[in-house]
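Asker: Below is one structure. I have some questions about it.
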Amino acid sequence: MIKDIFFEDFEIGHVREGGSRTMTETDFVVHAGHTGDFYPHHVDAEFCKTTEFGQRIAHGTMIFSIGMGLQCGDINPRAFTYGYDRMRFIKPVFINDTIKTVVKIVEKRDNPKNASRGFVTEKIEVTNQNDELVLVCEHIISVEKRA
């Protein structure tokens, strides 16, 4: 659904939950193929038995991409992504882990270069099925102001 949400409509502290998704071996293989990242930590089960985790770990970029996708819902033609800050991979994600995303509005500020737009910062938290934090970042969106 398309929803026009202007800068003024965003409220500090507002929280929304995204969906959830279970990571599969296919996800690992497809992501490796898309990115060219075939490091053994992600694709070599025998090698991973010798590591501290004992099994394959998800690509951080995959968890970021899927985590961001899980929070996408309505289309807001008034906003677009400006960038991401302070991204951290807190805990590894394994095959058969289920991740979910929670988004909280933490900041609003004017755009010093364009008075018709403002910046909204969302804190993104991706957790696993045990509610353990696996990824955190800030998502900055540029949002049109009301005329």
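The values are calculated or read from the model by the stated rules, or taken from the named source; none is laboratory data. Everything numeric here is computed off the predicted structure, so don't read it as measured data. Positions of Cβ are generated from backbone atoms using ideal geometry, with glycine treated the same way; all protein chains shown enter the neighbour counts.
Asker: Can you pull out every residue in segment 1-54 that is assigned to a loop (DSSP other than H, G, I, E, B), of a type in the set (Phe, Trp, Tyr) and more than 30 Å from GLU107 (Cβ to Cβ)?
Answerer: Selection gives PHE38, TYR39, PHE53.
Asker: Looking at segment 76-86, is at least one residue basic (Lys, Arg), in contact (Cβ under 8 Å) with a residue 40 or more places away in the chain, surrounded by fewer than 17 Cβ atoms within 10 Å (Cβ to Cβ) and closer than 15 Å to GLY18 by Cβ?
Answerer: No, segment 76-86 contains no residue that is basic (Lys, Arg), in contact (Cβ under 8 Å) with a residue 40 or more places away in the chain, surrounded by fewer than 17 Cβ atoms within 10 Å (Cβ to Cβ) and closer than 15 Å to GLY18 by Cβ.
Asker: How many of the residues in segment 1-47 are β-branched (Val, Ile, Thr), farther than 30 Å from SER116 by Cβ and touching a strand residue (DSSP E or B) at 6+ places or on another chain (Cβ under 8 Å)?
Answerer: Of the residues in that region, 1 qualify.
Asker: Tally up the residues in segment 89-118 that are surrounded by fewer than 18 Cβ atoms within 10 Å (Cβ to Cβ), over 22 Å from SER20 (Cβ atoms) and not aliphatic (A, V, I, L, M), please.
Answerer: Qualifying residue count, segment 89-118: 9.
Asker: Right, GLY19: at pLDDT below 95 and in contact with a Leu (Cβ under 7 Å, 6 or more places away or on another chain) or not?
Answerer: Numbers: at pLDDT below 95: yes; in contact with a Leu (Cβ under 7 Å, 6 or more places away or on another chain): yes.
In short, yes.
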